[in-house]
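Visitor: Attaching a single structure in structure tokens format; questions to follow.
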Amino acid sequence: MLDPHRPDRHPLDDEGVDGIAARLSRMVRVRTVEDADAAADPLAPFAEFLALLQELYPLANAQLERELVTERGVLYRWPGSASPGGDGSSSDFDATASGPLVLMAHFDVVPAFEAEGWTHPPFDGVIADGSVWGRGTLDDKGPLCVIMEAVEALLAEGHTPPRDVYLWFGGDEETHSGAATAAAALFRERRLTPWLVLDEGGAVVDAPLPFIDVPAAMIGVGEKGSVNVILEASGDAGHASAPSGLTPTARLARAVSRVERRPFPARLNPVAREMFATFTPHAHGSGKVILETLTRAPQLAAHALARLGGDAAALVRTTLATTRLSGGTADNVLPASASATLNCRIAPGESVASTVRHVRRAIRDREVRIRTTDPNEPTTIAPTDSQQFRLLQGAGRAAYPKAIAAPYITLAATDAKHFQRFAPATYRFAPLAMDATQRAAIHGVDERVSIASLQAGVKFHTTLLRSL
Ligand SMILES: [Zn+2]
């Protein structure tokens, strides 16, 4: 049944460019950046973005229930045909079988400056060379856009999902994740246990590992934990002409070099093993031999990957990056204090406590005080033998027929971690193609998404929603 208010053409399609590109372009032009120095109302761009969604997707705006959870988070509910009573609440907290689908994305972005060397200004939303350019096109307005496009298209067809579908869009993922924390609390308060949660994280990549050249739909089944470990040392200030012993700055430098020289143990977790096993039949020649060996000898595999560094090493161990160093007040004054921040990303199977223990042992110095900020334990791991995972695989195949769907552990933090605490089937996958250059552009320069990939992303979500 067609909606009588359905416009024959989306108003933006008259601009002569593909509608979806034009709509994402408008989203990019709203500067949803956390800006402490802003003289104007810092919330204004976030409110503007939420109003833009209402304008761009009139059917969703008219037919879905809409609720502001915080000033920076909006929750849409699309009632399913089997929805009890209409309030969406379930009487049994564990009734995940009838629970809703939650599609998540965030609309805040990290800062970007034209002077960094962008081909097109980061907030102009330029459409060129078959792509939409600008901050947020991949992280995470592009993924948000394809969710809304799919929902709008299905509403235009008169489709009703069999179970409730929630769309959750937060506006502070890149900073404190307060909106998603509030949304997760709201779900728990209403005794709603999602049957499936899908957030950003994985993507369709062209070459998932150095020796595999098939495209892969990488589906995050869990995410690493994180913690900032702060090291502090203090001493007596004084004239730098008569130093005695280690100054706090020298002590900190020694501690940092000790901990940097002692990496965390490398282990191949079960998810990585399954990932290798998934790719093995698709590898050829020496790549296949390497993969078979890695799957058979996990400890060898862990060490080999750790030696590769970068993403490969981050897959198999807790990582540590010294992100800040400070100390001293003048060139000729002995410093009274110094500090260092170690940003740690915690592998599954380890914890905040074991991470701190490792740092303490590596430093071997009781004069260095250790405290932590922003602790987040690694999440649980979502199952890969579930109906939900198979549904994601199927939708991935429909959108990207050549891509192999494989599970992995997301290295960065996402809003999904707040939901995974009570929704076991929480996955991370943005159905957009991202080659290595594009992945490097996330939080970097020249972030862009191809229009073809946006269209495939819409196909992913329409397939997923139709196959519920
Ligand atoms: Zn993101």
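Visitor: Of all DSSP beta bridges located in the chain, what percent are antiparallel, nearest 5?
Guide: Bridges in the chain that DSSP calls antiparallel: roughly 70 percent.
Visitor: Can you classify the stretch 225-376 as rounded, prolate or oblate using the Cα gyration tensor, where a ≥ b ≥ c are the square roots of its eigenvalues, rounded means a/c under 1.5, and otherwise it's prolate if a/b beats b/c and oblate if not?
Guide: prolate
Visitor: Rounded, prolate or oblate: which fits the stretch 174-300 when a ≥ b ≥ c are the square roots of the eigenvalues of the alpha-carbon gyration tensor, with rounded for a/c under 1.5 and prolate only if a/b beats b/c?
Guide: oblate
Visitor: Students often check this: by mean Cβ neighbours within 10 Å, which of 301-308, 147-154 ranks highest, and how do the rest follow?
Guide: Descending packing order for the listed peptides: 147-154, 301-308.
Visitor: Excluding ligands, DNA and RNA, what is the solvent-accessible area per residue of the chain at a probe of 1.4 Å, expressed in Å²?
Guide: Heavy-atom SASA per residue in the chain reads 44 Å².
Visitor: Here's a follow-up. Sequence neighbours fewer than 8 away in the same chain don't count; with that in mind, list the lysines whose C-alpha is under 25 Å from LYS459.
Guide: Correct list for LYS459: LYS141, LYS402.
Visitor: Given H placed 1.01 Å from N in the peptide plane, which residues other than close sequence neighbours of ALA203 have an amide H under 5 Å from its amide H?
Guide: Result for ALA203 returns MET218, ALA430.
Visitor: With a cut-off of 8 Å between alpha carbons and a minimum separation of six or more residues, what is the relative contact order of the stretch 225-376 in percent?
Guide: Rounded, it is 45 percent for the stretch 225-376.
Visitor: Counting alpha carbon pairs within less than 8 Å and at least 6 residues apart, what relative contact order, in whole percent, applies to the chain?
Guide: 23 percent
Visitor: Quick one: what are the phi-derived ³J(HN,Hα) couplings along the stretch 59-66, Karplus 6.51/-1.76/1.60 with θ = phi - 60°, whole Hz, x for glycine and proline?
Guide: 5, 4, 5, 7, 9, 9, 6, 10
Visitor: Explain nothing, just compute: Karplus ³J(HN,Hα) = 6.51 cos²θ - 1.76 cosθ + 1.60, θ = phi - 60°, for every residue of the stretch 351-360 in order, whole Hz, x for Gly and Pro.
Guide: Working through the residues one at a time gives 8, 4, 5, 5, 5, 4, 4, 4, 5, 4 Hz.
Visitor: Show that you can apply the helix-only estimate: for the chain, add -39,500 (n - 2.57) for every DSSP H stretch of four or more residues, divide by all residues, and state [θ] at 222 nm to the nearest 500.
Guide: The helix contribution divided over the chain gives -10500 deg cm²/dmol.
Visitor: Next question, about the same structure. Rounded, prolate or oblate, given the Cα gyration tensor of the stretch 380-440, with a/c below 1.5 counting as rounded?
Guide: Oblate, because a/c is 1.5 or more while a/b does not exceed b/c.
Visitor: Considering only protein heavy atoms and a 1.4 Å probe, what is the carbon-and-sulfur percentage of the accessible area of the chain?
Guide: Carbon with sulfur: 52 percent of the solvent-accessible area.
Visitor: Enter the Cα centre distance for the pair the stretch 252-286 and the stretch 366-430, rounded to the nearest angstrom.
Guide: When both Cα centres are located, 17 Å separates them.
The values are calculated or read from the model by the stated rules, or taken from the named source; none is laboratory data. If you're wondering where the values come from, they're calculated on a predicted model, not measured in any experiment. With ideal geometry, Cβ positions are generated from the backbone for all residues, glycine too; neighbour counts draw on all protein chains shown. Each accessible area value is taken on the protein alone, full model and side chains, heavy atoms only, with ligands, DNA and RNA left out. Shrake-Rupley method; radii C 1.70, N 1.55, O 1.52, S 1.80 Å.
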